[in-house]
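Accompanying notes for the structure given below.
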Amino acid sequence: MKALISFVNSAETKKLTETIKEELQEKNYSVQLSEIIKQKKQPKSNKGKPAKLKSGITDWKPFDLIVLGFPVIGISSSHLMNDYLKQCINIKGKQAAIFIACIGLHGNALKKASSIVSFHGGKVKDSIIISSFLGLNEKKIQQAKNFALKL
Ligand SMILES: Cc1cc2nc3c(=O)[nH]c(=O)nc-3n(C[C@H](O)[C@H](O)[C@H](O)COP(=O)(O)O)c2cc1C
């Protein structure tokens, strides 16, 4: 079984990505990590369109499970994650899971990312919001482990 973890980097999402990767490997998944980074300079012709990416695996075909992770910035979804999802292909029929790192004000972040996946025919089988005002403690890490174990 192959899993892809696509994540928008932050100190917390990086740590959670590594934790989830280890747990999935325990479950015999072969795991590929993919950091979503946008191109620094966006072409003028791209105005109003999803940001062009410098990195991020957008073809979901080879994977049985796709895990998406991002931090909440500005009480909303990560624009970068949404832009990435809009460019992904072969989503139809795929199982996805979402984890979000924030300090507690997550607004519609989960709803927005989930709805893009569902719109393209994917199924969000589970999601978790990890809220950590003072950073990630053992309890939060354990939450991420439990989340991964159920996938
Ligand atoms: C500019 C900025 C805006 C943020 N806005 C929110 C927010 O609206 N709601 C929330 O719960 N957390 C918010 N956060 C907290 C981040 O989600 C949290 O810091 C992130 O998951 C951890 O990344 P870090 O450890 O690299 O800072 C914000 C952080 C930054 C830097």
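Restricting attention to the range 107-151, the residues that are at pLDDT 95 or above, more than 17 Å from Phe7 (Cα to Cα) and of a type in the set (Ser, Thr, Tyr) add up to 2. Is it the case that Lys92 is over 17 Å from Lys150 (Cβ atoms) and touching a His at 6+ places or on another chain (Cβ under 9 Å)? For Lys92, the condition - over 17 Å from Lys150 (Cβ atoms) and touching a His at 6+ places or on another chain (Cβ under 9 Å) - is met.
Annotation: of all residues in the range 82-101 being within 13 Å of the chain's Cα centre (by Cα) and hydrophobic (A, V, I, L, M, F, W, C), the one that is surrounded by the most Cβ atoms within 10 Å (Cβ to Cβ) is Ala101. Right, Lys61: away from the ligand (no atom under 16 Å from the Cβ), surrounded by 14 or more Cβ atoms within 10 Å (Cβ to Cβ), among the basic types (Lys, Arg) and touching a residue at least 24 places away in the same chain (Cβ under 8 Å) or not? When the stated conditions are applied, Lys61 does not pass them. The set of residues from the range 94-151 being more than 16 Å from the ligand (Cβ to nearest atom) and among the β-branched types (Val, Ile, Thr) comprises Ile116, Val117, Val124. Hey, does the range 33-55 have a residue that's crowded, with 21+ Cβ neighbours inside 10 Å, over 25 Å from Ile103 (Cβ atoms), more than 13 Å from the chain's Cα centre (by Cα) and away from the ligand (no atom under 16 Å from the Cβ)? No, every residue in the range 33-55 fails to be crowded, with 21+ Cβ neighbours inside 10 Å, over 25 Å from Ile103 (Cβ atoms), more than 13 Å from the chain's Cα centre (by Cα) and away from the ligand (no atom under 16 Å from the Cβ). Tallying residues that are over 16 Å from the mean Cα position of the chain (by Cα), under 24 Å from Ile91 (Cβ atoms) and not in a loop (DSSP other than H, G, I, E, B) within the range 105-144 yields 1.
The values are calculated or read from the model by the stated rules, or taken from the named source; none is laboratory data. These numbers come from a predicted model, not from an experiment. Counting neighbours? That spans all protein chains shown, and the Cβs are built from the backbone with ideal geometry, glycine included.
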